[in-house]
1. Quick check: the distance between the Cα centres of the range 190-217 and the range 12-67, to the nearest angstrom?
2. Quick one: Karplus J couplings for the range 18-24, per residue in order, coefficients 6.51, -1.76, 1.60, θ = phi - 60°, nearest Hz, x for Gly and Pro?
3. Looking at the chain from every direction and averaging, what is the projected area of its Cα convex hull in nm²?
4. Mind pulling the per residue volume of the convex hull built on the Cα atoms of the range 1-99? Å³ is fine.
5. Taking amide hydrogens as modeled 1.01 Å from N in the peptide plane, which residues meet the under 5 Å criterion relative to Ser245, leaving out close sequence neighbours?
6. Under 30 Å between alpha carbons, and skipping anything fewer than 8 positions from Lys188 in its own chain: which lysines qualify?
7. Of Ala79, Ala132, Ala54, which has the largest mean-square fluctuation in a 10 Å C-alpha GNM of the chain?
8. Shape of the range 101-169 from its Cα gyration tensor (a ≥ b ≥ c, root eigenvalues): rounded if a/c is under 1.5, otherwise prolate when a/b > b/c, or oblate?
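Laboratory data are not the source of any read-out in this text; all were calculated from the coordinates shown. On a predicted model such as this, the values are computed, not experimentally measured, just so you know. Reconstructed Cβ throughout: ideal geometry from the backbone, glycine too, with neighbour counts over all protein chains shown.
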Amino acid sequence: MNAEPADQIRLLDVQALDVRLSQLAHKRRTLPEHAEIQTLEADLAQLRDLLVAAQTEESDTAREQTKAEQDVDQVRQRAARDQQRLDSGAVTSPRDLENLQHEIVSLAKRQGDLEDVVLEIMERRESAQERARELTGRVESVEAKLTDAATRRDNAVAELDQEVASLTKEREVVSASVPADLMKLYEKLRVQQGGVGAARLHQRRCEGCRLELNITEVNDVRAAAPDQVLRCENCGRILVRTPDSGL
């Protein structure tokens, strides 16, 4: 294949643009904000689960407290009725009086036990409420950090996308000035060679594979016509001669 030396030089310009575009794509994929957001989202999900658990416990203990307080109230009301009967003098039988007094004592003990239960439930409920308040604050803090990280990521992505758009337009212009058959070969090699299809020959060294040409290869390059499209014997990339080739 033949192509004017100037066209081959422009192919290096296309290659430089492709390298820069590849670098920008890699930078876009590996923005530190991506990992930061992933970590924050995992933390937030865990905190939200813990918050739901704390809120559920608070709700459960609230119902438990209501039920326990109702039990206390029932015992208190019954004890009050018994005391009223005792004080009224309506019960005259010694045995009935003894039973009534015994029941009042039992109810008092029962009321005390139930009140202890209420206090224990209240302590658990207060603990759950405190835990829920703490977790709510932590959730809000992580949400704020996540919003900030997402904003920074979006700004960074927008800036990179703007640069990519500009370079893409520039590449379209430059590649349009390179012969189609040369561009076709370059694109094929670029896919095969990990993104580098054309390399500069600098001081007898291929900048694609970084290997220096031996004397036979140097002589072959010297003997080649200026418009001959050369390939590196080592990596197969298009080898572009420049005034710095060291020939």
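1. Each part reduced to its Cα centre gives a spacing of 43 Å.
2. The phi angles translate into 5, 4, 5, 5, 5, 5, 5 Hz.
3. Average of the hull's projected areas for the chain equals 22.8 nm².
4. Normalising the Cα hull of the range 1-99 by residue number yields 127 Å³.
5. Gln203
6. Excluding near neighbours in sequence, the set is Lys27, Lys169.
7. Highest fluctuation among the options: Ala79.
8. On the way: a/c = 16.13, a/b = 9.16, b/c = 1.76.
Taking the square roots of the gyration eigenvalues as a ≥ b ≥ c, the range 101-169 is prolate.
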